Amino acid sequence: MNLSQARDALAAARRVAVLTGAGISAESGIPTFRDAQQGLWARFRPEDLASPDAYHRDPALVWEWYAGRYRDVMAATPNAGHDRLARLEREKGDGFFLATQNVDGLHARAGSGTLGGQLVELHGNLITARCEVCGQVEALPAPEGFTPPPVCSRCSGRMRPNIVWFGEFLPEDALEAASDAFAAADVALIIGTSGVVYPAAGLAFETLGRGGTVIEINPSETELTPHLSFSLRETASRGLAALNGG
Ligand SMILES: [Zn+2]
């Protein structure tokens, strides 16, 4: 498949499933977990800040870390790649499904999930918290006025970061929705993710196995590349521009 065939396939597709990873947020300047681990935080291992054990041991420390990451993402804005996917959702309506491995909440802030299609954040997000008692999910207050931990407005229970931590499973309903959408997709896009990170490869093969087209957008070759219908060696925003609208 060449670029013009890939464009045609995407334009004609009734059902489109998309998976995004860190690559799409790079252009918004979102620091990675590792980038953010500077100064005071450098002495911690990631699992000392992002695991159920760490939270049980020292909830104030873990919340302080997540409050910092929340400030980082709220200081950033969605980029042209996020906007392109929001526009694609508007075009495809309920035939559009977007799963992301990112926790920065930028797809939601770009409008994804509210334009007729569905957005699933496989690893949760930094911009909401979840009640440890009743499970209620609520947006965090604006970063300036935020002192953790947040308290549930329904039951006054303590809330935890709404993130899937090391040692926790991805939410089953989210995975199932993603797997169904990729199996049903005429065209799937795999954007800015290495393909090694679960569940990228599995989702791509769901689409390929049913005869669908899978297009990758990634500046580097990945382990998935040899298996896919077409690969664009581009950043997310440039690759999406080339595929959908120029
Ligand atoms: Zn509650």
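Side notes on the structure shown:
- Under a model in which nothing but the beta-carbon of Lys, Arg (+1) and Asp, Glu (-1) is charged, the chain shows a dipole of about 380 debye around its Cα centre.
- When HIS123, HIS107, HIS227 are arranged by Cβ crowding within 10 Å, least crowded first, meaning fewest neighbours, the order is HIS227, HIS123, HIS107.
- Long-range amide H partners of SER231 with built H, under 5 Å: GLU216
- At R0 = 22 Å, FRET efficiency that the Cβ-Cβ distance of THR77 and VAL133 yields, to 0.05: 0.05
- Springs join every pair of Cα atoms under 10 Å in this Gaussian network model of the chain, and among ALA99, ALA204, ALA177 the largest mean-square fluctuation is at ALA177.
- Electrostatic dipole magnitude of region 58-180 [Cβ: Lys, Arg +1; Asp, Glu -1; Cα centre; debye, to 20]: 340
- Taking the chain as a Gaussian network of alpha-carbon nodes connected by springs under 10 Å, the highest mean-square fluctuation of the residues SER231, SER51, SER179 belongs to SER51.
- Angle of helix 59-75 to the longest C-alpha principal axis of the chain, folded into 0 to 90 degrees and rounded to 10: 40°.
- When only alpha carbons are used to place a centre, region 127-158 and region 10-52 end up 22 Å from one another.
- Top of SER153, SER194, SER112 by mean-square fluctuation, Gaussian network on the chain, Cα under 10 Å: SER153
- Degrees separating the helix 200-209 axis from the principal Cα axis of the chain, which is the longest one: 30
- For the chain, the longest principal axis of the C-alpha atoms and the axis of helix 3-12 are separated by about 80°.
- Share of pairwise Cα separations in the chain, more than 30 Å, in percent: 27
- Using the rule -39500 (n - 2.57) for each DSSP H run of four or more residues, divided by the residues of the chain, the 222 nm mean residue ellipticity is -10500 deg cm²/dmol.
- Between MET1 and ASP180, the modelled labels are 2.4 nm apart [label points 7 Å from Cα along Cα→Cβ].
Read the figures in this text as sums done on the coordinates, not as results from a lab. Model, not experiment: these values are computed from the prediction. Glycine also receives a Cβ, built like all others from the backbone with ideal geometry; neighbour counts cover every protein chain displayed.
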